[in-house]
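Asker: Sharing a structure below in structure tokens format, with a few things to ask.
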Amino acid sequence: EQLAQKLPVGTLVVGRVLNLGSGASKPSLSLRMLDVRGGEFDGAISFDALHTGMVVTGSIRRVVDFGVFVRLHGTEKLDALCHSTEVADTKVKDLAGAFKVGDLVKAVVLRTNPEKRQIAISLKPSRLLELGEGDEDEDEDEDEDEAA
């Protein structure tokens, strides 16, 4: 309801297309000021701009036995590793079954290694919730449950 009040149907907004997805009928868009300023893309996020606790989005690039590699959106083609222990709050036995190349994800930067230009991220929902970045779908479900 709050979103409908802030953005009534017909409101003109400026956004950035993040991904067309496989169906191409529902593109992923970003309205965040970090991604768009003044109606134009404000440039790529550099490695040096990444910091611990930063929430990022990306697409799965590769699934391996020890984790998943994610191409971070809005960056200068930076890939991050999410170790298998950080993909979920519970153990995931089959990473290849849980993640597919191209899947969109939201993550938290755990650490960066400037010498090796490595980025470690977490996909754990609990880490996102700690930062107030929980899944919007879950919030809607909770609102429906409270109304019942």
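Where a number appears in this text, it was derived from the coordinates with a stated rule and is not lab data. Since this is a predicted model, take the numbers as computed values, not measurements. No Cβ is skipped: glycine too gets one built from the backbone with ideal geometry, and neighbour counts run over all protein chains shown.
Asker: With θ set to phi - 60°, apply the Karplus curve 6.51 cos²θ - 1.76 cosθ + 1.60 along the range 125-130 and write out the HN-Hα couplings as whole Hz, x wherever there is a Gly or Pro.
Answerer: Along the range 125-130, the couplings run x, 5, 5, 5, 4, 4 Hz.
Asker: For a distance above 15 Å, tell me the whole-number percent of Cα pairs in the range 47-130 that qualify.
Answerer: Details: 1779 of 3486 pairs.
More than 15 Å apart: 51 percent of the Cα pairs in the range 47-130.
Asker: Please give the net charge around residue 60, taking every other residue with its beta carbon less than 10 angstrom from that of residue 60, where Lys and Arg add +1 and Asp and Glu add -1. Please report the intermediate quantities before stating the final value.
Answerer: Details: positive: 61, 62, 71, 100; negative: 103.
So the environment of residue 60 carries a net charge of +3.
Asker: Additional query: Lysines within cross-link reach of residue 124: Cα-Cα under 29 Å, excluding same-chain residues under 8 positions apart?
Answerer: Reachable lysines: 26, 77, 91, 93, 100, 106, 116.
Asker: Can you work out ³J(HN,Hα) from phi for every residue in the range 83-96, in order, using Karplus 6.51 cos²θ - 1.76 cosθ + 1.60 and θ = phi - 60°, giving whole Hz and x for Gly and Pro?
Answerer: 5, 4, 6, 10, 7, 7, 6, 10, 5, 9, 7, 10, 4, 5
Asker: Here's something else I'd like to know. Can you give me the long-range amide H partners of residue 18? Hydrogens built in the peptide plane at 1.01 Å from N, cutoff under 5 Å, separation of 5 or more residues or another chain.
Answerer: Residues meeting the criterion, in which the H sits 1.01 Å from N, are 28, 29, 30.
Asker: In the neighborhood of residue 119, defined by Cβ-to-Cβ distances under 9 Å, what is the net charge if each Lys or Arg adds +1 and each Asp or Glu adds -1?
Answerer: Working: positive: 111, 117; negative: 79.
Charge balance in the 9 Å sphere: +1.
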